[in-house]
1. Might you report the magnitude of the Cβ-based charge dipole of the chain about its Cα centre, with Lys and Arg at +1 and Asp and Glu at -1, to the nearest 20 debye?
2. To the nearest 10 Å², what's ASP296's accessible area with a 1.4 Å probe?
3. Quick check on packing: order 126-132, 11-17, 91-97 by the mean number of other C-beta atoms within 10 Å, highest mean leading.
4. Any idea what the relative contact order of region 3-163 is, in percent, if you count C-alpha pairs under 8 Å spaced at least 6 apart?
5. Give me the Kirkwood hydrodynamic radius of the chain, using the inverse of the mean 1/r over all pairs of distinct Cα atoms, in Å to one decimal.
6. How much of the DSSP bridge set in the chain is antiparallel, in percent, rounded to the nearest 5?
7. Give the cross-link partners of LYS107 among the lysines, using a straight C-alpha distance below 26 Å as the criterion and excluding same-chain residues fewer than 8 apart.
8. Carbon and sulfur together cover what percent of the accessible area of the chain at a 1.4 Å probe radius?
Amino acid sequence: MVKIGFIGLGVMGKPMAKNLLKAGHQLVVYDIVKEKVDDLVQAGAEPAENCRDAAGRGDIIILMLPDSPEVETVMLGEEGVLEGARPDSIIIDMSSISPLVDIALEKKATEKNLKMLDAPVSGGEPGAVAGTLAIMVGGDASTFEEVNGILQIMGKSVVRVGEIGAGQFTKLANQILVAVHLQAMSEALVFAKKAGLDVQKVYDAVRGGLAGSNVLDAKVPLVLKRNYKPGFRIKLHIKDLKNALIAGRELGIPLPATALAQAFFEACDAAGRGNLDHGALITVTEELAKAQVGEDA
Ligand code: NAD
């Protein structure tokens, strides 16, 4: 069994690390919040003093951090992963961050004879707990083969989509699809409501046709009850679209619909709803149209 250094024990990292422990792997864990380390130590992990220590004691080092700045700090800091990792160790960044940052970090890792993959996930906390995440991997094919078994413990679908950065680009494409779809849903439902229709019936009528989707099936029942308990928080979706828009600008790809969805998410956040589920995006369109689609539960 390989030894795994695991850094970032939040909503997602904690259950992912616990699944690796349950599968019999030795874990060395670190988080800036000590209580989160203590919780994993009670479950059988060893505590690390800092990221450098966690990296030095693992054959594989997994990162599950909020965004690009945290990943850069953890990788490049004085007490960081690149200072501690032993040659030939494999770093797997499972955070959802800018692809351009992982591409740059992989170059630095290679200079130190380390290997690095990006492997962001979708499936949320329930998927992390159940070990059923969808994992999108970028990086060298043989490095991927070396860690595929470890990734399979955390996910039910593990797909290598291309070279380093490809996992993050895929995750951002996923987040663009969901965001623009949520805005389309918001406009269609408010439109139906203002036309005096029964929105439940409109949904029942369209869901079997071309416009039916997983997004509608997941969100319309919640919107109709005004249930915006997260789920996937608006602030996280804003972070992902920010990374998509930055990558789009760097690569010269116009993303006008993504920019519009981002403006609506930001309006939601400015109204104090940033910690609600991203289905609450509809509240901005409701306010503009002076209409309310769902009933308070
Ligand atoms: P989180 O904020 O709950 O966890 C992040 C953890 O990183 C925290 O425990 C924090 O203390 C730790 N951390 C921050 N800076 C650190 C540092 N310098 N050194 C060590 N630890 C540090 O976030 P999360 O919900 O677990 O999400 C992690 C990543 O997964 C994000 O990129 C997110 O977008 C992505 N993601 C989240 C979900 C979800 O539903 N929550 C779903 C899919 C993907």
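The values are calculated or read from the model by the stated rules, or taken from the named source; none is laboratory data. Since the model is a prediction, treat every value here as computed from it, not as a measurement. Note that we place each Cβ from the backbone using ideal geometry, even for glycine, and neighbour counts take in every protein chain shown. Calculation scope for accessible area: heavy atoms of the full protein, side chains included, ligands and nucleic acids excluded. Shrake-Rupley method; radii C 1.70, N 1.55, O 1.52, S 1.80 Å.
1. 840 debye
2. ASP296 has an accessible surface of roughly 110 Å² with all protein chains in place.
3. Highest to lowest by the protection proxy: 91-97, 11-17, 126-132.
4. Once divided by the residue count of region 3-163, the mean separation gives 19 percent.
5. 20.2 Å
6. Restricted to the chain, the bridges split so that about 15 percent are antiparallel.
7. Output for LYS107: LYS3, LYS115, LYS171, LYS239, LYS242.
8. Accessible surface attributable to carbon and sulfur in the chain totals 56 percent.
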